[in-house]
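J.: This is the structure, below, for whatever I ask next.
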Amino acid sequence: MEVKKTDKANLEKSRGLFLQIGYVVVLGLILLAFEWTSKPADLGDLGNLGDMNLEEEVIPITRQQNEPPPPPPPPQQTEVINIVQDDVEIDDELELEDTEADEATQVQIVEFAEEEETVDEQEIFLVVEDMPTFQGKEKDAFRVYIQQNLKYPIIAQENGISGRVYVSFVVDRDGSITNVQVVRGVDPSLDKEAVRVVKSSPKWSPGKQRGRAVRVSFTFPIVFQLQ
């Protein structure tokens, strides 16, 4: 069935008009686009900076600290030199007299006497330069004398008492035995016998200090031993 169109409904007649209208619209849009891109920005607000809150940057002011100069050195003391004129007479000169010695001149020689060390006669020494000797021998000779002359007390033998008695004595300046006493005893009978045998000793050769006889102290052990 063939469709029939009326003249009013036929758009083919207005196609040329619509095409022209389309060209005009497209051209207008193109011109508007060029105008929009090439228009300069509004610079009217660039000068209005009064309303903007700008924070001012505070730059600290640095000043170089001036160090105080060092104190000046103390003034040097100048030595005062007194200039003495040559015409001043000096009385400190030593006057030497020329003397000639002849046979009649006597020369006196002054001798300096050495002071001798005084030794107290009552002082008792423990060690001296020359120790005392018993019959020309050492202390061992006195030990032999004690063994030969010692008598064991009978009462000590009956009670079985033995031991060692320490006796101190002084060899005097003449070699005699003095100041005999028991330093450490064992029994009264043994102590008494020890003192007796020491007092019975013959004279010793006295000790000497700087060539002079002096008193020397000894401590001697006497042994009582039962057989």
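What follows draws every value from the coordinates through simple rules; no lab data is involved. Nothing here was measured: the structure is a model prediction, and the numbers come from that model. Every residue, glycine among them, receives a Cβ derived from its backbone with ideal geometry; neighbour counts consider all protein chains shown.
J.: Between a residue in the stretch 154-169 that is in contact (Cβ under 8 Å) with a residue 40 or more places away in the chain and assigned to a strand (DSSP E or B) and any residue that is among the charged types (D, E, K, R) and surrounded by fewer than 17 Cβ atoms within 10 Å (Cβ to Cβ), which pairs come within a Cβ distance under 8 Å, given they are 6 or more apart or on different chains?
T.: Hits for this filter: VAL165/ARG184; TYR166/ARG184.
J.: Right, here's the next one. Which of (1) exposed (fewer than 13 other Cβ atoms within 10 Å of the Cβ); (2) in contact with a helix residue (DSSP H, G or I) (Cβ under 8 Å, 6 or more places away or on another chain); (3) over 23 Å from GLN227 (Cβ atoms); (4) not β-branched (Val, Ile, Thr) does GLU123 not meet, given it meets every other one?
T.: Evaluating GLU123 over (1) exposed (fewer than 13 other Cβ atoms within 10 Å of the Cβ); (2) in contact with a helix residue (DSSP H, G or I) (Cβ under 8 Å, 6 or more places away or on another chain); (3) over 23 Å from GLN227 (Cβ atoms); (4) not β-branched (Val, Ile, Thr) leaves (2) as the failure.
J.: Here's a check for you: in the stretch 176-188, which residue that is buried (at least 17 other Cβ atoms within 10 Å of the Cβ) and touching a residue at least 24 places away in the same chain (Cβ under 8 Å) is farthest from PHE125 (Cα to Cα)?
T.: Looking at the filtered set, the residue picked out is ASP187.
J.: Do the conditions hold for VAL198, that is, is it surrounded by 14 or more Cβ atoms within 10 Å (Cβ to Cβ) and in a strand (DSSP E or B)?
T.: no
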